[in-house]
Amino acid sequence: MTADIITDVAIIGAGTAGLYALREVRRARKSFVLIDTGPLGTTCARVGCMPSKVALHAGKLWASRNELKAIGVAGTDSLTIDLAATWDALRQQRDKFTKGAAAKALAVGEHLIRGKARFLEPAVIEVTNGGDKQTIRATSVVIATGSRPVIPAWLDSVKDRLVTTDEFFELTSLPKRVGILGLGAIGLEMGMALSRLGVTVFGADLAPVVAGISDPDVAQRVIEQFGSEMTMWLNNPVSVERTEQGVLLRSGDNQAEVDLLLCALGRRPNIDTLGLAEAGFPIGDRGMPVFDHATLQIGNLPVFITGDANGFRPLMHEASEEGAVAGYNAVRESVTRFRRKISVGIAFTDPDICSVGARFDELDLNNTVIAGASGESNGRARILGAEGSLLRVYADARNGQLLGASIFAADGEHLAHLLAWAIQRRETAESLLELPFYHPTMEEMLQSVLQDITRKLVIKEGVPAGLLVDYN
């Protein structure tokens, strides 16, 4: 047992949330320790956002050969792809992202403590590394321990033929047939990437929709379009059985043998080994500590929980913001309440699937105007071969203020950001129409939707929506 360490702030976890908390602690010139079990490098860089987008980009490039015939290119049928080389290039690029993230943690030098943390008291932590133990006594603590994939017990019989999203990018080669359990955003992204690279993909989910889409029109459009690129079995129980060569995947009346299962059934916060209950933390119904979403403080304790560890909005951009909130509050005598930004979710499935602000299933339909625009009537979408794009926007029926949107569109990530900014600034359909819309662009889909919303509202007579009167 080494000597106790006394510090201002102890940060448990060197991922995105932990590093952003560290930024605020250092800005306040407070002493700190950064505790992590390893491997270093954020979830986003190692196993999430970045490698999955590299895979999607590779799949898009390879699949684009099928579009070349339409412009007179010959010989595309003779093209081949070396998937081992493709995957090796992906892993090399992934490693660059990971090293960059890990370097930020390593840069703190002796303030980085490697090992497994457990609370003895709310501000007293024991760190175990092999046979060594060390006690950290801090004025305040930030919990930023991240999350890990969920693996249900019913998959135990095929564990040796199953990988999680944390392990998938460690494969040195790709199997010919993959079964994906769970078609949320990550499962669908990986399914589309693998299918476009030439892997036979069978995706199964108990839910009737993919990517958690709540808008029924968008959900149907996504299933119709992506169902032609990969097999999707929805709205049925799923079972698995070992075979001599792989795994038999069943969903309802459907079945297929695959070489490998990719488990994408969600993630759970890494808090169960921290000893929170034993150390006197207030614990809620699902075993999660009770915390204030505006301050990230657990109860009245000098402890703040941030990023994937609190399970609220497990996304990288949310983790960075929460980390900054937790770090800021951890170094001050009184905590500050921060307003959450408008929620944004994007699956980079090309076309992208995006959710902004209020979801369809959260709306008061009696007081909401819903308008939509399809790619069939948008010039840019037709040029891009993205006629299947669909934009649905929700507005307050009383004043036209934008509430939320569901998007399935080519480059939908940009529409999603535009709408998120507009919703957070409490723009109305009329106020947005006062801004310029270039032709031909995907943004004109939004212009069409806004015009439709204004037509559906009861608005006093005046100049046409979108025109600005010059009173000078």
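The values are calculated or read from the model by the stated rules, or taken from the named source; none is laboratory data. What you are looking at is a predicted structure, and each value in this text was computed from that prediction instead of being measured. Note: ideal-geometry Cβ built from the backbone for every residue, glycine included; neighbour counts use all protein chains shown. Note: accessible area is taken over every heavy atom of the protein model, side chains too, but ligands, DNA and RNA are not part of it. Shrake-Rupley method; radii C 1.70, N 1.55, O 1.52, S 1.80 Å.
Each residue of the stretch 146-155 was assigned a 3J(HN,Hα) from its phi angle through the Karplus expression (A = 6.51, B = -1.76, C = 1.60, θ = phi - 60°), giving x, 8, 9, x, 7, 10, x, 4, 5, 9 Hz with x at Gly and Pro. Averaged over its residues, the chain has an accessible area of 49 Å² per residue, based on protein heavy atoms and a 1.4 Å probe. Heavy-atom surface analysis with a 1.4 Å probe gives the chain a carbon and sulfur content of 50 percent of its accessible area.
Taking Cβ separations below 4.7 Å as the criterion for a possible disulfide partner, the isolated cysteines in the chain are Cys263, Cys354. When the alpha carbon gyration tensor of the stretch 350-472 is reduced to an equivalent ellipsoid, its three semi-axes come out at 23, 18, 12 angstrom, largest first. Between Gln92 and Thr172, full extension at 0.36 nm per residue minus the direct alpha carbon distance yields a gain of 27.7 nm. The H on the amide N of Leu403, modeled in the peptide plane, is under 5 Å from the matching H of Tyr394, Ala395, Asp396, each at least 5 residues off or on a different chain. Which residues does the label zone of Arg426 cover in the stretch 390-410, counting backbone N under 14 Å from a point 7 Å along Cα→Cβ? It comes to 396, 399-403, nothing else.
Only beta bridges with both residues in the chain are counted; by DSSP, about 60 percent of them are antiparallel. What the phi angles of the stretch 123-137 give under the Karplus curve with 6.51, -1.76 and 1.60, with θ = phi - 60°, is a coupling list of 10, 10, 10, 9, 10, 10, 9, x, x, 8, 10, 9, 9, 10, 10 Hz, glycine and proline written as x.
How much length is gained if the chain between Ser64 and Leu79 is pulled fully straight, taking 0.36 nm per residue apart and subtracting their Cα-Cα distance, in nm to one decimal?
Full extension of this stretch gives 4.2 nm more.
Given an 8 Å cut-off on Cα distances and at least 6 residues of separation, report the relative contact order of the chain as a percent. Rounded, it is 15 percent for the chain.
Each of Ser157 and Ser343 was given a label point 7 Å from its Cα along the Cα-to-Cβ line. The distance between the two points is 3.6 nm. Placing a label point 7 Å from the Cα of Glu387 along the Cα-to-Cβ direction, the residues of the stretch 200-233 with a backbone N closer than 18 Å are 221-229. Looking at the stretch 153-266 alone, DSSP beta bridges between its own residues are antiparallel in about 40 percent of cases. Among residues other than Leu363 with Cβ under 15 Å from its Cβ, the summed charge is -2 (Lys and Arg +1, Asp and Glu -1). Put simply, the amide H of Ser147, placed in the peptide plane, has neighbours under 5 Å in Asn270, leaving out anything fewer than 5 places away on its chain. The Cα-based radius of gyration of the stretch 120-249, divided by its Kirkwood radius, gives an Rg/Rh of 1.13.
Under the 0.36 nm per residue contour assumption, what length would be gained going from the current alpha-carbon distance of Thr139 and Asn254 to full extension?
35.7 nm
Overall form of the stretch 259-322: oblate. Here a/c, set by the Cα gyration tensor axes a ≥ b ≥ c, is 1.5 or more, and a/b is not larger than b/c. Quick one: grab the alpha carbon gyration tensor of the chain, order the square roots of its eigenvalues as a ≥ b ≥ c, and give me rounded if a/c is under 1.5, else prolate or oblate depending on whether a/b is larger than b/c. Cα axes put the chain in the oblate bin. Computed from the C-beta positions of Asp217 and His414 and an R0 of 22 Å, the FRET efficiency is 0.55 to the nearest 0.05. The 3J(HN,Hα) values that the Karplus relation (6.51, -1.76, 1.60; θ = phi - 60°) gives for the stretch 56-73 are, in residue order, 5, 5, 4, x, 5, 4, 5, 5, 5, 4, 6, 8, 5, 4, 5, 10, x, 7 Hz. Gly and Pro appear as x. Put simply, the amide H of Lys133, placed in the peptide plane, has neighbours under 5 Å in Thr2, leaving out anything fewer than 5 places away on its chain.
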